[in-house]
1. State which entries of Lys205/Lys325; Lys205/Lys360; Lys72/Lys325; Lys138/Lys264; Lys72/Lys209; Lys34/Lys85 exceed 21 angstrom in Cα-Cα distance in the structure shown.
2. Report the extension gain between Ser40 and Asp197 in nm, rounded to one decimal, defined as 0.36 nm multiplied by the number of residues separating them, less their alpha carbon distance.
3. Keeping the other protein chains in place, figure out the carbon and sulfur percent of the accessible area of the range 285-391, with a 1.4 Å probe.
4. Per-residue accessible area for Phe24 at 1.4 Å probe radius, Å² rounded to 10?
5. Taking a label point 7 Å from the Cα of Asn391 along the Cα→Cβ vector, which residues of the range 427-449 have an amide N closer than 20 Å to it?
6. Just subtract the alpha-carbon distance of Ile52 and Thr472 from 0.36 nm times their residue separation and send over the number in nm, one decimal.
7. Heavy-atom accessible area per residue, the range 23-124, 1.4 Å probe: how many Å²?
8. Round to the nearest 0.05 the FRET efficiency obtained for Met75 and Asn140 when R0 = 41 Å and r is the Cβ-Cβ distance.
Amino acid sequence: MRSSFKNLFLALAAIFFMIPQAVFAMPEIMTLDKIENGMSGVAYTVVDNSGIIQPFNVDIIGLIENGKGSSKMIMAKASGSVVEKTGGILQGMSGSPVYVNGKLVGAVASGLKEMSPYTFFITPIEDMLRLWELPDEKANIIKNVIEVPDEKKSDEEKKSDEEKKSDEEKKSDEEKSDEEKTSDVEEKSALFFSGFDSSGLSFLKKEMKPLGFRNFFALSSAGNNNTVKYDATLEPGAPVGVAVVCGDFVVGATGTVTAVDNKKILAFGHPFSHGGNVNFFMTDSSVVGSISGENGNGVKIAKVGNIIGRINQDREAGIAGILGKFPSTVPISVTVKDSASNTEETYNSIIAYNETLIPKLGASIAYTALSKTADSLAESTVTVDFGIKTNVVSGGTLSRQNMFYNATDVGQVAIIELLQALNLVCSNTTEESNIYGIDVTMTMETERKTASLISAVPDKPKVKPGETVNLTVTLQPYRKPNETVVIPYTVPLTRKEGPMTLDIHGGALVQVAQNNSAAGIITPSKNTPAKNYEEKIKTLLNSGRNNQLVVEPGASLETKSEKELKKEIARAKKVQDKLAKSGQKAPAPKESKVDTGYIIDNVIQVVINVDKV
């Protein structure tokens, strides 16, 4: 009996000393050239809500080579009560550290689906350690960073901050690089979501799948409301999270910590998004439980918790990050007002600054906020008013308001312009744009607020080039009495005498012709050059809205030949000279757009007579 207790004590002591202790520094490692078939070891992970890091046995089967340019993997088999209880290696165990003879070999990376759920691959630790050596250019781009209070910083950190600031001031914008290498790989993390209803989750899945994510799990209790822990610690074998959105909405994944060296961590043993040098939230995590699945498709369910640091590398070998350092963020606030239920809700989240993800996540959050508050897919009209705080426009805010209607699920169309605007801001080819925040207000009405145009009557029988004619337009709102709206139109100086056809329509139906001068003179061009970034922004801001009436010439000026356009310019100059001699000045054209309370759903035409000057 005494001998049995002695053996048990020695076995427990061996396990205890193989786990990195208290101050977590890198343990001794075992490189690939030292690994032999038949070696036995132990791995550590958390599989239930006890939070206890538990061991399971590992037997090395052999090394796998995937050809030139690919890293070697270690093939192994798991055994023991822990994996028997879970039914094998699960998603979420990725990153679990594997030790042989007390030396760190690598991380659990993936199981063999469609085969034995107990057979798996290990990512060698030497491949993971390289993540700590890679450049972190994203750290040099400071936007809305979660600041660490001075009282939480060590003297070394304060000194480092001062040196970093000094170095950044010396660097020019041209010297800074923000290259992000992305690719699509099969082995990616399962995404966990919180705050999304079924409609919002379907929308988000559609947006995220092109990035390579295939497995999605909703977990309503995962929200962390932006809680930040400045002095958190992690240990090998513990759960850890990576998130791209935190707050009232959460999008992220969980896995296991492989190694810790002071504040540096390695985890997962495979990519999260394979984004290269990234800017994501590192979170703590707590395991809810494990679900066994057929053909190795089981999963360890864990919560994405408090923000504790920044994930800065997302590579083939795993993820790496720094505790107590935090990513640049984009705060987003969405307010939804539902007139039918007389309710108003505001949702707040922060998005990790990533130009690929910001448009997708921003639109998904806005869509879900509307879906959750309205709780209806019936026909509705929504007025959307958004402002994107950014340095790409003078004044600092790209603002846009529009009205949308749809017979079912109006949110699908209501977020189109927000998605378009965010994509546009994030597509600057000259430099990375700053986005300091996104504010969205959506007002929803169950009433169908559409109208058809019935007629348009000019206020004068004839109008001269440069003069303005006022058109009285009759609208027929859906199931309401007719209404009238007056809209002005200034005849271009280039217009010769005779009948002129005007199109009257809603702002979203037809692109309004763009003139390059107040006099309405169109400059001829053989080739239409691509719009630069600033022009694209202006086009979005100046484009007609669904609830606007717009008047423009019925025949597109772009279809005219260069010779015809030159004649029109000559004619316009002749008119200007004639007016100047008589002491007159060509009046500036009035904007041919008028707001209405309805979404215009058709086009009508009216003919005016252009007289001589």
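1. On the way: Lys205/Lys325 30 Å; Lys205/Lys360 10 Å; Lys72/Lys325 32 Å; Lys138/Lys264 16 Å; Lys72/Lys209 28 Å; Lys34/Lys85 32 Å.
Cα-Cα > 21 Å for Lys205/Lys325; Lys72/Lys325; Lys72/Lys209; Lys34/Lys85; rest within.
2. Value of the extension gain: 51.9 nm.
3. The nonpolar share, carbon plus sulfur, comes to 44 percent.
4. Its heavy atoms expose roughly 40 Å² to the probe.
5. Once the point is set 7 Å along Cα→Cβ of Asn391, 427-439 turn out to lie under 20 Å by backbone N, inside the range 427-449.
6. 143.6 nm
7. Averaged over the residues of the range 23-124, the accessible area is 44 Å².
8. It comes to 0.55.
The values are calculated or read from the model by the stated rules, or taken from the named source; none is laboratory data. Every value quoted in this text rests on a predicted model; they were computed, and no experiment measured them. Ideal geometry is used to build each Cβ from the backbone, glycine not excepted, and the neighbour counts take in all protein chains shown. To get the accessible areas, we keep the full protein, side chains included, count just its heavy atoms, and leave off ligands, DNA and RNA. Shrake-Rupley method; radii C 1.70, N 1.55, O 1.52, S 1.80 Å.
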